[in-house]
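S.K.: So that we are looking at the same thing, I have put the structure below in structure tokens.
The values are calculated or read from the model by the stated rules, or taken from the named source; none is laboratory data. Since we're looking at a predicted model, the values are computed, not measured. With ideal geometry, Cβ positions are generated from the backbone for all residues, glycine too; neighbour counts draw on all protein chains shown.
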């Protein structure tokens with residue numbers, strides 16, 4: 001496993017496991033738990049979840065998967081913006097901890113900006129960190145201007161990560177957001193690295209994948225991992241899918257691969273609003 005620097009003295013795996021849409025159907029729970037556990041077996045210690053996913057159901061699935069294995073897991077969860085007040089953030093975190101069956105979250109994110117002032121949310125996050133309920137805090141779906149505003153607050157400079165939509169078809173962050181994050185040592189977590197499967201039928205992506213004898217999904221993940229200071233959190237709900245995701249770590253893209261992908265999926269030439277799913 002490769003790692004990104006995460007604040008002073010810590011690190012973030014470059015490849016993890018997403019849980020968006022997990023915990024929504026009881027009949028799928030066993031397979032979801034088994035997939036997350038298989039990921040842990042293969043070194044995918046980073047698991048990303050949120051109170052929003054399945055109305056807490058994804059956190060419950062995650063909690064079952066990490067039972068007895070908490071110390072080998074890097075756990076990420078998120079607070080909804082309408083819960084991100086001084087009291088609400090703490091209460092939301094405590095609910096997440098109960099669902100996850102743990103006493104701490106390694107990285108706790110504000111899911112997106114809402115109506116609560118950033119200062120109030122940051123102070124609540126710092127309280128949680130001081131109390132040992134979280135180890136680090138960050139944000140999600142923040143554009144460059146949002147981060148620059150966050151940086152105006154003293155506590156905002158303790159934000160260690162920003163989780164955003166980033167893949168071959170959503171390259172907008174490359175223009176100004178990714179450079180800003182690199183300059184400030186903020187790790188970028190890329191969600192939906194295969195665009196929820198919509199990338200997989202692209203003929204150019206398929207051709208580059210054939211050169212490496214891998215699947216288009218593996219190639220798309222490898223492209224995200226090729227970017228400096230970026231990690232990816234694809235979701236997998238089958239054991240085979242988990243194993244395929246892990247194998248993406250071993251793909252080395254050539255200059256020709258990158259040129260072909262750039263021609264098919266051009267890098268941004270100007271600033272664009274951050275996209276979300």
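S.K.: Can you tell me which residues in the stretch 146-174 are more than 20 Å from the chain's Cα centre (by Cα) and either farther than 20 Å from residue 89 by Cα or assigned to a helix (DSSP H, G or I) (or both)?
M.R.: Initial filter on the stretch 146-174 (more than 20 Å from the chain's Cα centre (by Cα)): 148-149, 151-155.
Result: 148, 149, 151, 152, 155.
S.K.: Just one of 59, 34, 64 is more than 18 Å from the chain's Cα centre (by Cα), within 15 Å of residue 235 (Cβ to Cβ), modelled with pLDDT of 95 or more and outside any strand (DSSP E or B); which is it? Don't jump to the end; show me each part of the working.
M.R.: Working: 59 fails: more than 18 Å from the chain's Cα centre (by Cα); 64 fails: within 15 Å of residue 235 (Cβ to Cβ).
So the residue among 59, 34, 64 that is more than 18 Å from the chain's Cα centre (by Cα), within 15 Å of residue 235 (Cβ to Cβ), modelled with pLDDT of 95 or more and outside any strand (DSSP E or B) is 34.
S.K.: While we're here: Looking at (1) in a loop (DSSP other than H, G, I, E, B); (2) at pLDDT 95 or above, can you tell me which one residue 200 breaks?
M.R.: Going through (1) in a loop (DSSP other than H, G, I, E, B); (2) at pLDDT 95 or above one by one, residue 200 breaks only (2).
S.K.: Identify the residue in the stretch 23-60 that is within 20 Å of residue 248 (Cβ to Cβ) and touching a strand residue (DSSP E or B) at 6+ places or on another chain (Cβ under 7 Å) and, among all such residues, is surrounded by the fewest Cβ atoms within 10 Å (Cβ to Cβ).
M.R.: Restricting to residues being within 20 Å of residue 248 (Cβ to Cβ) and touching a strand residue (DSSP E or B) at 6+ places or on another chain (Cβ under 7 Å), the top hit is 45.
S.K.: Those residues that are touching a helix residue (DSSP H, G or I) at 6+ places or on another chain (Cβ under 6 Å) and within 22 Å of residue 4 (Cα to Cα), I need them from the stretch 169-205; list them, please. Write out each step before concluding.
M.R.: Kept after step one, since they are touching a helix residue (DSSP H, G or I) at 6+ places or on another chain (Cβ under 6 Å), are these residues of the stretch 169-205: 169, 176-177, 180, 188, 190, 193-194, 199-200, 204-205.
Scanning the stretch 169-205 gives 176, 177, 180, 188, 190, 193, 194.
S.K.: Here's something else I'd like to know. Among the residues in the stretch 133-140, are any surrounded by fewer than 18 Cβ atoms within 10 Å (Cβ to Cβ) and either part of a strand (DSSP E or B) or without any contact (Cβ under 8 Å) to a residue 24 or more places away in the chain (or both)? Break it down stepwise before answering.
M.R.: Step one: list which residues in the stretch 133-140 are surrounded by fewer than 18 Cβ atoms within 10 Å (Cβ to Cβ), which gives none.
No, every residue in the stretch 133-140 fails to be surrounded by fewer than 18 Cβ atoms within 10 Å (Cβ to Cβ) and either part of a strand (DSSP E or B) or without any contact (Cβ under 8 Å) to a residue 24 or more places away in the chain (or both).
S.K.: Being buried (at least 16 other Cβ atoms within 10 Å of the Cβ), within 15 Å of the chain's Cα centre (by Cα) and either modelled with pLDDT under 95 or more than 16 Å from residue 235 (Cβ to Cβ) (or both) is the filter here, so list the residues in the stretch 4-20 that pass it.
M.R.: Result: 4, 6, 12, 14.
S.K.: Would you mind finding the one in 173, 234, 179, 193 that is closer than 29 Å to residue 137 by Cα, surrounded by fewer than 19 Cβ atoms within 10 Å (Cβ to Cβ) and at pLDDT 95 or above? Talk me through it step by step, then tell me what you get.
M.R.: Details: 173 fails: surrounded by fewer than 19 Cβ atoms within 10 Å (Cβ to Cβ); 234 fails: surrounded by fewer than 19 Cβ atoms within 10 Å (Cβ to Cβ); 193 fails: surrounded by fewer than 19 Cβ atoms within 10 Å (Cβ to Cβ).
Every option except 179 fails the conditions.
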